[in-house]
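Notes follow once the structure below has been shown.
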Amino acid sequence: MRKGLQNLENNENRNYKIIAVDDEEGIIDSLSIFLKRSGYEFTGVTDPMEAVERVKSEHFDLMILDFIMTPIHGDQVVEEIRKFNKELYILLLTGHKDLAPPLDTIRRLEIQGYCEKSDKFDQLLLLIESGIKSIAQMNEIKKINEQLKNTNDMLEKAYLESIQTLRYTVEAKDTYTRGHSDRVSQFSVLIGKHLNLSEAELKNLEIGGLFHDIGKIGVPDSILLKESKLTDDEYSEIKNHPSIGAHILSTATIFKDILSIVKHHHERFDGHGYPGQLKGNDIPFLARIAAIADSFDAMTSRRTYRDSLPLDVVISEFEKCKGTQFDPEIADVFLDILRNNFDEIKAIQEKFA
């Protein structure tokens with residue numbers, strides 16, 4: 001019975017690769033016999049620099065590392081390894097406890113344990129077994145997290161696709177909207193890049209621009225498609241679309257970072273916008289960017305009652321509306337793009353014509 005259990009343990013141990021680093025050949029030979037007998041897959045290295053390269057190119061679960069070595073000590077080996085591998089479980093061997101590195105160094109380098117060298121390997125075996133249990137638990141946690149991530153990714157993809165379907169429904173009934181959301185999305189990202197925003201903020205601008213008009217799904221077609229001037233009541237209905245859009249998207253956590261864009265892209269810097277009549281810096285920053293992108297595309301798109309506005313007129317409008325309709329600092333950045341980098345604007349317009 002005992003022998004059967006030992007064989008089972010040895011079989012399980014074969015799943016784990018251990019590398020030992022010691023500049024004494026005799027220690028490596030002893031560890032090799034001892035650990036292979038315990039069933040582990042073992043690699044022994046006497047050159048610490050070679051050990052660093054081996055860890056770079058091969059997978060090991062656990063490292064047994066001598067502290068006092070040439071040409072570099074064990075803590076320097078760990079220093080190099082931690083630059084590219086934070087997960088390797090490391091046990092440090094010392095000739096004497098007084099020669100061990102300071103506790104702060106052990107913590108900083110995330111060395112999981114150390115023990116004194118001995119003719120007997122009982123203490124070391126206990127540390128190895130404890131380490132292997134920790135590694136097994138971490139592997140299981142990583143596996144579970146990966147499964148959860150895959151599940152969440154699938155759910156997010158399915159939800160995103162369903163919202164995309166809603167967006168296409170809006171575009172199908174409103175010819176003006178077709179291509180508009182794509183352009184607003186890309187114009188917003190372009191402004192964000194010129195503002196040196198982070199990748200996360202650029203991603204929010206991209207998605208927020210795509211869905212900023214999703215609330216138009218709740219606006220009656222008779223109003224949305226009306227070619228003549230809207231009545232005050234009809235205009236009030238149109239002004240509901242940001243709030244409707246934010247409500248539609250609020251049920252999914254994946255859209256939480258773009259709700260402010262969807263809800264507040266029609267606010268004005270002077271506080272006379274909608275739906276919240278927010279003023280100045282109270283308007284979410286990304287919504288202020290989207291507002292400029294949205295207005296620019298509205299000016300440069302052909303409508304039933306007018307042709308697209310020429311560039312000089314658009315520039316004049318943005319100059320006139322700085323500080324009233326638009327954030328003046330963001331407007332200045334966009335005006336610089338219009339004057340000096342219009343080829344970037346043109347590329348977006350041609351792609352989503």
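The values are calculated or read from the model by the stated rules, or taken from the named source; none is laboratory data. Only a predicted model underlies this, so the values are computations on that prediction, with no experimental measurement involved. Note that we place each Cβ from the backbone using ideal geometry, even for glycine, and neighbour counts take in every protein chain shown. Only protein heavy atoms, including side chains, enter the accessible area calculation; ligands, DNA and RNA are left aside. Shrake-Rupley method; radii C 1.70, N 1.55, O 1.52, S 1.80 Å.
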**Prompt:** Which one of SER243, SER188 is closer than 30 Å to ASP343 by Cβ and out of contact with any His (no Cβ under 8 Å at 6 or more places or on another chain)?
**Reply:** SER188
**Prompt:** Which of the residues that make up region 107-139 are open to solvent by less than 40 Å² (accessible area, probe 1.4 Å), under 18 Å from VAL77 (Cβ atoms) and touching a Phe, Trp or Tyr at 6+ places or on another chain (Cβ under 7 Å)?
**Reply:** GLY131
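Would you point out the residue of region 284-336, among those that are outside any helix (DSSP H, G or I) and closer than 19 Å to LEU202 by Cβ, that is least open to solvent (accessible area, probe 1.4 Å)?
Within region 284-336, the subset outside any helix (DSSP H, G or I) is 284, 300-310, 322-327.
Still in the list and also closer than 19 Å to LEU202 by Cβ: 284, 327.
Working: PRO284: 37, ASP327: 13 Å².
So the residue we want is ASP327.
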**Request:** With the condition kept exactly as written, say whether any residue in region 70-79 is closer than 17 Å to ILE28 by Cβ, touching a Lys or Arg at 6+ places or on another chain (Cβ under 6 Å), among the aliphatic types (A, V, I, L, M) and modelled with pLDDT of 85 or more.
**Result:** no
**Request:** With the condition kept exactly as written, say whether any residue in region 15-32 is open to solvent by 60 Å² or more (accessible area, probe 1.4 Å), modelled with pLDDT of 90 or more and in a strand (DSSP E or B).
**Result:** no
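Could you grab me the full set of residues in region 68-89 that are part of a loop (DSSP other than H, G, I, E, B) and open to solvent by 10 Å² or more (accessible area, probe 1.4 Å)?
Here is the first cut: in region 68-89, the residues part of a loop (DSSP other than H, G, I, E, B) are 68-73, 82-88.
Listed by number, the residues that qualify are ILE68, THR70, PRO71, ILE72, HIS73, ARG82, LYS83, PHE84, ASN85, LYS86, GLU87.
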